[in-house]
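The values are calculated or read from the model by the stated rules, or taken from the named source; none is laboratory data. Quantities reported herein were computed from a predicted structural model and do not represent experimental measurements. With ideal geometry, Cβ positions are generated from the backbone for all residues, glycine too; neighbour counts draw on all protein chains shown. For the accessible areas, the whole protein counts, side chains as well, though only heavy atoms, and no ligand, DNA or RNA atoms are used. Shrake-Rupley method; radii C 1.70, N 1.55, O 1.52, S 1.80 Å.
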Amino acid sequence: MKTFSGQKQISVRKQEPLFRNIRKRYQLWLMLLPAILSIAVFNYGPMYGIQLAFREFDFTKGLTGGEFVGLKYFLKFFRSFQFTDMIRNTFTISFATLILGFPVPVILALMMNQIRRTKVKKTLQTVFYAPHFISMVVMVGLLNVLLAPNTGIVSSMLGLFGININLLGDRNAFVPVYVLSDIWQHAGWNSIIYLAALSSVDTQLYDAARVDGAGRWQTICHVDIPCLTPTMIIMLILSMGNILSVGFEKIFLMQNSTNLTVAEVISTYVYKIGIRSNQYSYSAAIGLFNTVVNFVMLITVNRISKKVSDTGLF
Amino acid sequence: MNEKGWRQKSVGDRTFDIALRILLAIFVIIVVYPLYFVVLASVSDPLLVSKGQVLLWPKEMSLFGFQKVFEDTRIWIGLRNTVIYTVLGTIINMAATLPAAYALSRKDMRGRKTVMMFFVFTMFFNGGLVPTYLLMQKLHLVNTIWVFILPFAVNVYNLIIARTFFENSIPTELYESAALDGCSDFKFFVSMVMPLSKAVVSVIMLYYMVAHWNDFFTGLIYIRDQKLNPLQLVLREILIANNVFAAGGTGGSLSSYDQMYADTVKYAIIIISSLPMLIIYPFIQKYFEKGVMIGAIKG
């Protein structure tokens, strides 16, 4: 993600005026048109509706007709009794996923990179990528049958060790089940980006390491990991930018009456308030709060990272 | 790197090798076993499955689960709808994404950086759920099949992957010499760029297809009419709300005996609904790393 914004190459040729360039390259602009239209309508269009967060919603007057109420709905959210719980739940789930989920793909990629026989490597990749292609509904359905008390295989296995816990009903089990199943599903897929980075490591570095008498373990520590660091930082920044948007689908599908106190997060609340109970302005305000926090987070982490390590998105 | 003989390896490297193999084997078991168990459970006797006696191979084979799935009209409707949404949606996605990505890869096009910024900004900032919902309502897309097909035709992440691929693998000279022969931008894209870009085209097509196939959110938010239900909504009904037997309408609580049979049906449904995507991706896997993902990092 560095080049399109960080790039500062100056072309030597003198550029022709924009207008003449557009006329000459009109076919390229035609090729761009559908994409520009789609993004303008469906991605920028809703941004116009953000003002709803500062207005009363009036069904008769439409989006922009309602009375301006300033920060009313933001304050309502901050003062609501669910606020602290929801923020805490969202952060807990996000950070647990980030901290526990981040190292696994890296380790997996480092291990796969050690396999010399391409056929074995390909097969392993096919295996590790497979869970990524399962839909969220199926994933949660799978958890429901495998973890069910009494009948589920995981519960019976834990029972053998004398652990009797209702993995679906117990509030304390929600976050571990969410995070571990998330790692199970996506760690393999997320390792692709690291594998790709490893495949582009200069082989001279390996030769040099061998000449210096480094074993395979030392080569990993002193060649592979340093080469992965920039990629890791980029991935970390990207996930920090999503810290408040934990996946709606999975949490929503995993929610039940017993775990709601730990499982209600901002995105599910936005859905319930907005779509189910039609409190449009309130929901829009919470949604905007969420987006802004994410955005600020992304910018901040990016700036810190640029100072510390000289790697950043923009 | 050439393989050294086992004897030549140092003790450290040998220990490393053994540890690596054991660890990989454990990872494979963790990933494969749950999936394998689903297959086992779907074809075995429900009673034995629920008692935890089916662990390594099927026992008392029966196809009860699959039979029930094929008799359920909800699943057929969902499947048909999802196939339609996936095919049409992916066509629109590809038609909007690929030409745009190519145009943005051309260094002689002015203003491309500005357009790119216009696209990338949407990755980090959006209007949110309610404003988007109200927009769809205004465009009369709510509760129609078009809500699955038209909106969000361009995924910016995919666009970046394609653009980086074109930048790196279509040499500028190729276009310049074609242009000398009077080849237009449009013709060049169709007759030269596309045939040279099978890797990126198939990967992006796969991404879009999987996204449509597994899409649950769109149906949840915008669809009221059961006849338009995509597969994933039907699956939620069965797998999560536990309304397994169409006619019964019991929902939620079944007797433990019925629940055993319900679970068998669930295992069968999990297999049938996931199989299409699981079959397709290994064919495209070889392109995942090569150039395509690397494009995503550098991009």
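Some notes on this structure:
- The single condition among (1) open to solvent by 80 Å² or more (accessible area, probe 1.4 Å); (2) out of contact with any helix residue (DSSP H, G or I) (no Cβ under 8 Å at 6 or more places or on another chain); (3) more than 12 Å from every other protein chain (Cβ to nearest Cβ); (4) not hydroxyl-bearing (S, T, Y) that A:L100 does not meet is (2).
- Of the residues making up the range B:121-142, those that are more than 7 Å from chain A (Cβ to nearest Cβ) and in contact (Cβ under 8 Å) with a residue 12 or more places away in the chain are B:M123, B:M136, B:L141, B:V142.
- Any hit, the range A:124-138, residues being away from every other protein chain (no Cβ under 14 Å) and open to solvent by 10 Å² or more (accessible area, probe 1.4 Å): no
- Residue match in the range B:40-62 (condition: open to solvent by less than 40 Å² (accessible area, probe 1.4 Å), in a helix (DSSP H, G or I) and away from chain A (no Cβ under 12 Å)): yes
- Any hit, the range A:205-218, residues being more than 24 Å from the chain's Cα centre (by Cα), surrounded by fewer than 14 Cβ atoms within 10 Å (Cβ to Cβ) and either within 20 Å of A:V106 (Cβ to Cβ) or at pLDDT below 85 (or both): yes
- Residues satisfying the stated conditions in the range A:23-81, i.e. within 8 Å of chain B (Cβ to nearest Cβ), closer than 23 Å to B:H140 by Cα and not in a helix (DSSP H, G or I): A:L63
- Filter pass, B:V32 being within 29 Å of the chain's Cα centre (by Cα) and surrounded by fewer than 17 Cβ atoms within 10 Å (Cβ to Cβ): yes
- Enumeration of residues in the range A:92-127 that are modelled with pLDDT of 90 or more, more than 18 Å from A:I251 (Cα to Cα) and of a type in the set (S, T, Y): A:T123, A:T126
- Identity of the residue in the range B:166-184, touching a residue at least 12 places away in the same chain (Cβ under 8 Å) and not small (G, A, S), that ends up farthest from the other protein chains (Cβ to nearest Cβ): B:L174
- Residue list for the range B:155-200, filter: of a type in the set (S, T, Y) and under 21 Å from B:T122 (Cβ atoms): B:Y157, B:T164
- Of all residues in the range B:76-103, those satisfying the criterion of being more than 13 Å from every other protein chain (Cβ to nearest Cβ), in contact with a helix residue (DSSP H, G or I) (Cβ under 6 Å, 6 or more places away or on another chain) and either closer than 30 Å to A:L28 by Cβ or β-branched (V, I, T) (or both) are B:L88, B:T90.
- When residues in the range B:221-232 are screened for being surrounded by fewer than 23 Cβ atoms within 10 Å (Cβ to Cβ), part of a helix (DSSP H, G or I) and more than 8 Å from chain A (Cβ to nearest Cβ), 4 of them pass.
- Test: residue in the range B:123-136 that is surrounded by 18 or more Cβ atoms within 10 Å (Cβ to Cβ), over 26 Å from the mean Cα position of the chain (by Cα) and closer than 25 Å to B:I91 by Cα: yes
- Residue within the range A:253-273 that is modelled with pLDDT of 90 or more, closer than 30 Å to A:Q125 by Cα and outside any loop (DSSP other than H, G, I, E, B) present: yes
- Counted residues, the range A:151-176 - those being open to solvent by 30 Å² or more (accessible area, probe 1.4 Å), touching a residue at least 60 places away in the same chain (Cβ under 8 Å) and part of a loop (DSSP other than H, G, I, E, B): 2
- Among all residues of the range A:293-308, there is none that is in contact with a Lys or Arg (Cβ under 9 Å, 6 or more places away or on another chain) and either aliphatic (A, V, I, L, M) or not in a helix (DSSP H, G or I) (or both).
- Listed conditions (1) modelled with pLDDT of 90 or more; (2) surrounded by 16 or more Cβ atoms within 10 Å (Cβ to Cβ); (3) more than 28 Å from A:K250 (Cα to Cα) are all met by A:N89, apart from (3).
- Test: residue in the range A:142-150 that is hydrophobic (A, V, I, L, M, F, W, C), in contact (Cβ under 8 Å) with a residue 24 or more places away in the chain and surrounded by 15 or more Cβ atoms within 10 Å (Cβ to Cβ): yes
- Of everything in the range A:233-252 that is modelled with pLDDT of 90 or more and over 13 Å from the mean Cα position of the chain (by Cα), the residue that is nearest to A:N89 (Cα to Cα) is A:I251.
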